[in-house]
Structure formats: structure tokens, C-alpha cells
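Here's the structure, in C-alpha cells; my notes come after.
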Amino acid sequence: METTKQIDCPRFEDCSATLCPPADNLQHLIWYPGDEDICRRRDFQTLDWIKKQKAIAKTHAPNDRYFTVEMLEAIRQVRKGIEGISPDQLLEQAKKAERKWLLTKSGGRVIANRNSKPRQATRAKRSDLVAVCESSQQAKGGQK
């Protein structure tokens, strides 16, 4: 006869957080940002992935996509527009999607997809500035 193990947490009975830090099967659990609670126990508020959960919840990320603890740990900086993985996949496809998500996000910040055009910083030349100053001294009609 198999019994379920009670998690050693004083808030276990009244807590509805799906990602519970003392849980044994934490690597198999998922979290939906808008729908599910975040652990409120003081002992665990310093965990990096719980801080990221709170940051994601503040950005109002889509609640139809989920995050795993591994995904939360891979995030370096949470930005507006962050999205998790779509649940409308078979288990095998979901594992591939998670690996792909981790690979794309492992290099740096997780931000919304933007236009792929790189931004270029431009600097005005001093000669252009002088020309602008000289032209502003002209009277109407282009004469001095």
C-alpha cells in the first residue's frame, strides 16, 4: 500500500502554491503565472526561483503558458513580455520545447521577442554642429 508523503511545512494545509520548495518531485511540477500562487513561507523567500516567480507575476505574463523550476532558475533578468511554454503539446514535445526554451534563454536576459534589426548608435560630427550654428545666424531669405 503506497502512502503519500506529507510535506514538512506549517502552511501545507492552507497553501495552494504548486511549486512547493520542500516537495520531492519539484523538477516535475509546473507553474502558471496568473492562475497559481507562489510560496509565502518566510524561510523560502530568499530562493532565487521564488523571487523570479514574483517578478514574472508582476509583469502580468500570459497565464496560459507555464514555467518549471529549471526554467525559473535559468532566467537572469525578468523583463516585460516573458512567456513560458504552451501546454498544448504532448509530453515528449513539451520536453523538447523546454530544452529549446532553456537554450534560447541561457545566454542572458529573457525579454519579449523584438524586431531583429540591431540598433545603431549615431554620433553627430562636430563640423555638422558648427554648420547648424552658422546657418541659424542667417536672416530670412538666406542672407546675412
Charge tally in the Cβ shell below 12 Å around W101, where Lys, Arg are +1 and Asp, Glu are -1, W101 excluded: +3
query: Are any of the pairs K80/K105; K52/K95; K52/K80 more than 19 Å apart by Cα-Cα distance, and if so, which?
result: K52/K95
Sequence of C20, C15 once ranked by neighbouring C-beta atoms within 10 Å, starting from the fewest: C15, C20
message: From zero outward in steps of 5 Å, how is the percent of C-alpha pairs of region 10-113 spread across the bins?
response: 2, 12, 24, 26, 20, 10, 4, 1, 0
field: Residues T68, T46 arranged by fewest to most Cβ contacts within 10 Å
entry: T46, T68
message: If the only charges are +1 at each Lys and Arg Cβ and -1 at each Asp and Glu Cβ, what is the size of the charge dipole of region 10-113 around the Cα centre, to the nearest 20 debye?
response: 660 debye
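No value in this document is a laboratory result; all are computed from the given coordinates. Just so it is clear, the structure is predicted and the values come from calculations on it, not from any experiment. Cβ atoms come from the backbone with ideal geometry, glycine included; neighbour counts cover every protein chain shown.
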